[in-house]
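The values are calculated or read from the model by the stated rules, or taken from the named source; none is laboratory data. If you're wondering where the values come from, they're calculated on a predicted model, not measured in any experiment. Note: ideal-geometry Cβ built from the backbone for every residue, glycine included; neighbour counts use all protein chains shown. For accessibility, only protein heavy atoms count, side chains too; no ligands or nucleic acids. Shrake-Rupley method; radii C 1.70, N 1.55, O 1.52, S 1.80 Å.
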Amino acid sequence: MKKADIEITGMHCASCSTIIDRALNKVEGVKNTNVNLTTNKATIEFDESKTDEATLVNTIKNKGYDAKISSEADVVIEGNKQKKEFIKLRKSFYFSLLFAVPVFVLGMFFMKNPIPYQNIIMWILSTPVQFIVAWPMYKSAFSALKNKSANMDTLIVMGTSSAYFYSVFVVLSNQGHVYFEASTVLITIVLFGKLLESKAKGKTSEAIKKLIGLKPKTATVIRNGEEIKIKVDDVVVGDKIIIKPGEKIPIDGIITEGHSSIDESMITGESIPVEKNKGDRVIGATINKYGSFIFKTTKVGANTTLSRIIKLIEDAQGSKAPIQRFADSVSTYFVPAVLLISLITFISWFFILGSEFRFALIASVAVLVIACPCALGLATPTAIMVGTGKGARKGILIKGGEALETVHKIKNIILDKTGTITKGKPEVTDIISLNNQSENSILSLAGSLEKNSEHPLAEAIVKKTEEEKVLFKKTQGFKSIPGHGITASIGNKKYFMGNSKLMDDNKINFNKYKLKIIELEKQGKTVMLVAESKKLIGLIAVADTIKDTSYNAIKQLQKLKIGVYMITGDNERTAKAIAKQVGINHYFAEVLPEDKANYVKKLQKKGSVAMVGDGINDAPALAQADVGIAMSSGTDVAMETGDIVLMKDDLLDVVKSIKLSRMTMNKIKQNMFWALFYNTLGIPIAAGLLYPFTGWLLNPMIAGAAMAMSSVSVVINSLLLKTKKL
């Protein structure tokens, strides 16, 4: 399966996106489509053997819209395109206003005492607005008609055309009252609404624009022993780049010489500079503070962390939340229903109740205008764009609308211990010899055995061995037993190192030392047993310190009425000690990496579950959970497996993710409520329901203004998310 991003020009409302969505889904080989009104993009997943990108583009074009494949270059100029669209709308608005003002003045203030040829002057002034300014609306309405559908522009075109052509009939027959001001002012008001909407929509994508702006343009590389400045696009993997104090790091890599402190706030949201030494990873677009260093590039182009973040946010902002399906289904039936109500309104007033033609016309036009469902179409995507953008600025990358919506429903959350609750950098705290050997001898054996292991605890032991300058011994037949430990031979002797399960499996008796092991485990330490053949010869205790923010974050999660569980491979006593320190009442101990997903599955029977892990050995559990939250400073695996990626390893960001989801969903619900409430209330008033009791009939111009402001208010309400504190 392949995924294509297509830019679309000419969409005006939710009905437009629905037309395109339906057309694409009819193409053979298309598996999934997402047409987003706010971003003017379609994301399509399709089978390459059955269709191609050109066919998909032509399918959209055949529906009356312009389309082209989106590229990374298009992302960079997206801001300029929005600006050009805004300028074009502004010019059209001023042009329309130039004609609409005199028509309005003549129609409203010279009604009783008309000037000579007033109706003809109004006709002349109205015509450019009706057929030049409103031409894109006519084009869109005709396109919808061709596709056996109707959209927002259908309602505007039918309403204004009715008023305009009836007025032309009045001028030619010299009978009745003209309504040129209604059609002209209405088009101008609708245009003004689109102008405000365009400006507001531009602000919803500011997060991506700012990230794109962070991309450095040049890099100083060392080639053939010389320093040369080249474009970042010309850098290749393996290039050595020199960075001086105050410079922006152009691309991702690994430090090979020197050290420094780096401001990574633009990627992680963390304001404190991070110390970097030889072997540490650096991220493109971050800022070097004080030292100088040389690093070797590891990723270029679209594979860099910044490029992947931009792509991830783009996909998220273009995605649909499940709640959007409700809005889409309403929009599908809403416009035809409004056309029917407008027709019924005209027939009822003119033919049944015997009102004047102009009265029936005003009522039916007002129904067409006030019922435009564009506010409903904007309700979800604008909130998602602002929500995901706000998260990105805080170092919280939310992969899509579905993840954003699901998080707010979470009932329980499982936290992996190592690297999530704890720092993930354990240290050796105790070395206990159980025979006449020295502690250094036990450390030498342990360090030698663990040197081939990739486990975090092994790293701590190897580091301690190096620090104590103890010699490593040569091993043979190294074997790792996940969840138990390791085994290897040194010389003619076989050694075992791991937990009590490993000892039991190999019939190594350690009963004599159980009390000592329990004592260490009650202190929250992980105890590893070292055995030579069938004899226990030493104990090594390792402790992983708890992160400063873990206790506070867990308390906040509990305040949000979310059940908090800890999962770890440690034994019962160690797990209990750690859980107690951070205030967790429920935990799963002695869990093998491959079994973590099963514990998630069991907990899902009680409700939706979020899993928080480092994105490496937790990948199956992250995938099984309703929402996977990966804490791994933007590593490749985290970006692939997590629904939410936290760019800094801080549990408080899990709390912020949940709060952000709840805030965004509240905004979506508010937007939908007001859009539906407005239409539901507005249609009967526009149809003249209150006229028999109050004598009040809604003027189409007022209906147009109200309709335009409803769309703008939805976008502004979404933008208010930016002001909320997480």
For the ranges 544-551, 505-512, 715-722, what's the packing order if you count other beta-carbon atoms within 10 Å of each residue, average per peptide, and put the highest first? 715-722, 544-551, 505-512
Looking only at aspartates and glutamates whose Cα falls under 12 Å of residue 722's and that sit 8 or more positions away or on another chain, we get 206
Could you tell me the center-to-center distance, by alpha carbons, between the range 1-54 and the range 212-268 in angstrom? 38
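Give me the orientation-averaged projected area of the Cα convex hull of the range 407-554, in nm², one decimal.
Values: hull surface 42.4 nm².
Over every viewing direction, the Cα hull of the range 407-554 projects on average to 10.6 nm².
Pairs 26/84; 561/602; 417/512: which are spaced more than 23 Å apart, C-alpha to C-alpha? Could you put the intermediate results ahead of the total?
Working: 26/84 33 Å; 561/602 20 Å; 417/512 30 Å.
Check vs 23 Å cut-off fails for 26/84; 417/512.
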Would you mind getting the accessible area per residue of the range 637-722, heavy atoms of the protein chains only, 1.4 Å probe, in Å²? 39
Reachable lysines, given that their alpha-carbon falls under 19 Å from the alpha-carbon of residue 31 and they are not under 8 places away in the same chain: 2, 3, 41, 50, 320
For residue 463, give me every one of the aspartates and glutamates with a C-alpha distance below 12 angstrom, ignoring sequence neighbours fewer than eight places off in its own chain. 427, 450
From the phi angles alone, apply the Karplus equation (6.51, -1.76, 1.60; θ = phi - 60°) to the range 399-404 and give each ³J(HN,Hα) in whole Hz, x where the residue is Gly or Pro. 6, x, x, 5, 5, 4
Once every Cα of the chain carries one equal point scatterer and solvent is ignored, give the base-10 log of I(q)/I(0) from the Debye formula at q = 0.08 Å⁻¹, two decimals. -0.77
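Rounded to the nearest 500, what is the chain's calculated 222 nm mean residue ellipticity when only DSSP H runs of at least 4 contribute -39500 (n - 2.57) each, over all residues?
Details: 27 runs with 359 residues, N = 726.
Helix contribution divided over all residues of the chain: -16000 deg cm²/dmol.
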Distance from the range 154-202 to the range 666-723 (C-alpha centre basis), Å: 19
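Contact order normalised by length for the range 431-513, with contacts defined as Cα pairs under 8 Å and 6 or more residues apart; what percent is it? Don't skip to the end; give the middle numbers.
Working: 98 pairs, mean separation 15.8, N = 83.
Here the relative contact order equals 19 percent.
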Kindly state, to the nearest 0.05, the FRET efficiency for residue 98 paired with residue 217, given R0 = 35 Å and r defined as their beta-carbon distance. 0.20
Could you look at the chain and say what percent of its accessible area is carbon and sulfur, using a 1.4 Å probe and all protein chains? 56
